[in-house]
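Scroll down for the structure; my scribbles are underneath it.
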Amino acid sequence: MRASRRLAPLVVALMGALPLAQAAALPSLERALDQRLDGDRSGACIAAAVIDGERVERAYRCVDPAAQSRIEGRVAFEIGSVTKTMTAALLATLIERGELSLDDPLASLLPAGTRVPEFEGQPILLRHVVTHTSGLPALPSRMRIADPANPYAALDEDALLTSLADVRLAQAPGTQVAYSNFASMVLSWALAKRAGTDFESLLARELFQPLGMRDAYVAQAPEGVTAVQGRLPGGQPTSAWTFPVDMAGVGGVRATLDDMVRYTQAQLGQVDAPVAAALVRTQQPVREGIAMNWMLATPEGHTVHVHEGGTGGFSSLVAFDRGQGRAVVLLSDTAVHTMGGLGRLGLHLLGLEASPGVPRRPATPPGELLDALAGDYQLEGAGMLTLSRRGDELVVQALGQPELAFGYDDAGEFHLRGVDAVLRPQRAADGGYGFVWVQGGGELRARRAGPEAPAQPLPPAEVLRGYAGSYPLMPGFELDVREREGGLYAQATGQGEFALAATASADVFAAPAFGIEIRFQRDADGAVAGLELHQGGNVMRAERR
């Protein structure tokens, strides 16, 4: 579905824990997995471990028992954003050595001359990066996504660092929690450069080898280790996520269940290694509810550290209660973040949640819901979608694209087959329906399209010709703007031409069907010198050539 290419992919992380009950005896691991997976539409397999003091229990379960072999043996899962806790450990080793402080500016780790945003003289500090309060956006503005199924593969360090100069902070760093993979990639890259080696080698030296995580890696799999095939909900295989090695601290580690057991035992203080003190440092609260890339919950006087991760074909979770000596590791070979993730199951296995969650089973949608949802919608920051009823199914059509049919489950959500995207109906106060579109960890609200506002007249052709030109948005990707027969048109490299409509603001044009707004900028002499392209909450800037 071409429209999905316009949705900014985000790597998932658990930003808050579910309500917790008082710690109790640990439930049966196998029973909990069976209860959660029985008949689930995801088709997922989960490799799990529960640590209770010196005891470690492991189990492997699949929706289809015949598929269990795909997650057994020396097989490595993508752990997604759980990797960020490892990046925090690398930073903490430098803090333990007295070489850095959380109050050091992020800019101090970057090459001289790198333009890092500030807010009224207040810089982004390292503490802001590891608590997701830097104010940096989710992704770099100059990140080129050549393959939406593997979104980070084409990113390079020039795009990463120059994207910093594109950011205008709306408030002081440290003010608000807003999850930023961009900030984590910058930190990962900076730590590798400071160490004078690549990020994978740095992880191996400081973390994997000391902790006995013999099969964990980023790009170079140890001999005898096989990468698990990741899958979309429903069982369709999907591309692995690959990262530029020095930016892999955002979510690029692959590890076996045994590796993650060793890592979690170290978090509990059960592994004697030089990195132990750094791990303890990462667990200390930095701001309310957040340590160094660990999210915190405090039920009944306990402190639970948790991080959930997800890539295109995997979901993962690590959670531990150091005071009780308890921990859980969950590794799924299927992306289930659009289905609620693994948080409830993990907390149940810690004895802190009564239910492990219920499976999502296929169901038939109510006819009245199908009728109520039918109509045209504007997806915020993206394009137009049309929902229609076809018998007992809901179908969706993006502008200029074929119809796609949704499945439906007993949780009341619609899902696309073969694409990890969910349509979550929402009932309005007036009784009508709208929806939230969930894809790749991001959520976009849909607004039912109403009568179109009267079109603004375009400026005269001679004025429109003043906007014409080529605007390089990033290396190898330009936006060409041209005037033709009194209209203004734009075309990005490798994509089709689209018309631009005038708005009520001077020098601002829009393509509403694609969620695009273009703001042209003028120099001191009044000539058009550049533009900003706004789409999906992202801003790309370019100077006119």
For VAL245, are the conditions met, namely being more than 27 Å from VAL50 (Cβ to Cβ), buried (at least 22 other Cβ atoms within 10 Å of the Cβ), assigned by TED's automatic domain parsing to the domain that holds LEU90 and touching a helix residue (DSSP H, G or I) at 6+ places or on another chain (Cβ under 9 Å)?
-> no
Can you tell me which residue within the range 395-446, out of those that are part of a loop (DSSP other than H, G, I, E, B) and without any contact (Cβ under 8 Å) to a residue 12 or more places away in the chain, is nearest to ALA335 (Cα to Cα)?
-> PRO402
Could you tell me which residue of the range 512-545 is modelled with the lowest pLDDT, considering only residues that are surrounded by fewer than 17 Cβ atoms within 10 Å (Cβ to Cβ) and of a type in the set (Lys, Arg)?
-> ARG545
Within the range 335-388, which residues are of a type in the set (S, T, N, Q) and in contact with a strand residue (DSSP E or B) (Cβ under 8 Å, 6 or more places away or on another chain)?
-> THR338, THR364, GLN378, THR386, SER388
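Each row is one residue, and each column tells you yes or no for (1) on the phi > 0 side of the Ramachandran plot; (2) not in a helix (DSSP H, G or I).
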residue: ALA154; (1), (2): no, yes
residue: LEU161; (1), (2): no, no
residue: ARG168; (1), (2): no, yes
residue: GLY174; (1), (2): yes, yes
residue: VAL177; (1), (2): no, yes
residue: PHE182; (1), (2): no, no
residue: MET185; (1), (2): no, no
residue: TRP189; (1), (2): no, no
residue: ALA192; (1), (2): no, no
Residues LEU102, LEU109, LEU136: which one is hydrophobic (A, V, I, L, M, F, W, C), in contact with a helix residue (DSSP H, G or I) (Cβ under 8 Å, 6 or more places away or on another chain) and under 21 Å from GLU443 (Cβ atoms)?
-> LEU136
Quickly run through the range 194-228 and pick out the residues that are in contact (Cβ under 8 Å) with a residue 60 or more places away in the chain and not small (Gly, Ala, Ser).
-> ARG194, LEU202, LEU203, GLU206, LEU207, PRO210, LEU211, ASP215, TYR217, VAL225, THR226, VAL228
The range 356-372, subset within 17 Å of ALA411 (Cα to Cα) and without any contact (Cβ under 8 Å) to a residue 40 or more places away in the chain, residue surrounded by the fewest Cβ atoms within 10 Å (Cβ to Cβ) = GLU368
Which one is surrounded by the fewest Cβ atoms within 10 Å (Cβ to Cβ), of the residues in the range 41-54 that are in contact with a strand residue (DSSP E or B) (Cβ under 9 Å, 6 or more places away or on another chain) and assigned to a loop (DSSP other than H, G, I, E, B)?
-> GLY53
ALA335 passes all but one of (1) assigned by TED's automatic domain parsing to the domain that holds ALA319; (2) surrounded by fewer than 22 Cβ atoms within 10 Å (Cβ to Cβ); (3) of a type in the set (A, V, I, L, M); which number fails?
-> (2)
Hey, VAL280 hits all of (1) surrounded by 24 or more Cβ atoms within 10 Å (Cβ to Cβ); (2) over 19 Å from ARG58 (Cα atoms) but one; which does it fall short on?
-> (1)
Taking the residues in the range 478-493 that are in a loop (DSSP other than H, G, I, E, B) and not charged (D, E, K, R) as candidates, determine which candidate is nearest to ILE518 (Cα to Cα).
-> THR493
Only listed residue being modelled with pLDDT of 95 or more and not in a helix (DSSP H, G or I), chosen from GLU30, GLU57 | GLU57
Within the range 248-265, residues buried (at least 22 other Cβ atoms within 10 Å of the Cβ), of a type in the set (A, V, I, L, M) and over 16 Å from the mean Cα position of the chain (by Cα) come out as ALA255, LEU257, MET260
Looking for whichever is outside any loop (DSSP other than H, G, I, E, B) and out of contact with any Pro (no Cβ under 6 Å at 6 or more places or on another chain) here; the options are LEU139, LEU94. Which one fits?
-> LEU94
Consider LEU479 against the criteria (1) within 28 Å of the chain's Cα centre (by Cα); (2) at pLDDT below 90: it satisfies all of them except one. Which criterion is unmet?
-> (2)
Of all residues in the range 494-509, count the ones that are surrounded by 14 or more Cβ atoms within 10 Å (Cβ to Cβ) and outside any strand (DSSP E or B).
-> 2
Within the set of pairs 6+ apart or on separate chains, which have a first residue in the range 250-268 that is under 24 Å from ALA153 (Cβ atoms), a second that is among the basic types (Lys, Arg), and C-beta atoms under 8 Å apart?
-> VAL250/LYS84; GLY251/LYS84; THR256/ARG74; ASP259/ARG214
Could you list, in sequence order, the residues of the range 301-325 that are in contact with an Asp or Glu (Cβ under 8 Å, 6 or more places away or on another chain), in contact (Cβ under 8 Å) with a residue 60 or more places away in the chain and surrounded by fewer than 21 Cβ atoms within 10 Å (Cβ to Cβ)?
-> HIS302, GLY325
Only one of GLY224, GLY234 is of a type outside the set (Val, Ile, Thr), assigned to a loop (DSSP other than H, G, I, E, B) and modelled with pLDDT under 95; which?
-> GLY234
Hits in the range 229-242 - residues which are surrounded by fewer than 22 Cβ atoms within 10 Å (Cβ to Cβ) and either more than 30 Å from ARG417 (Cα to Cα) or of a type in the set (A, V, I, L, M) (or both) = ALA240
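The rows are residues; the columns are (1) of a type in the set (Ser, Thr, Tyr); (2) surrounded by fewer than 16 Cβ atoms within 10 Å (Cβ to Cβ); (3) at pLDDT 95 or above; (4) touching a Ser or Thr at 6+ places or on another chain (Cβ under 7 Å).
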position	(1), (2), (3), (4)
SER134	yes, no, yes, yes
ALA154	no, no, no, no
ALA170	no, yes, no, no
MET185	no, no, yes, no
SER188	yes, no, yes, yes
GLY196	no, yes, yes, no
Check the range 209-228 and report whether any residue there is under 27 Å from HIS128 (Cβ atoms) and under 24 Å from the mean Cα position of the chain (by Cα).
-> yes
The range 373-394, residues that are surrounded by fewer than 18 Cβ atoms within 10 Å (Cβ to Cβ) and assigned to a strand (DSSP E or B) | GLY375, ASP376, THR386, SER388, ARG389, ARG390, GLU393
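The values are calculated or read from the model by the stated rules, or taken from the named source; none is laboratory data. Computed from a predicted model, the values in this text were never measured in an experiment. For neighbour counting, all protein chains shown are included, and Cβ atoms are generated from backbone atoms with ideal geometry for every residue, glycine included.
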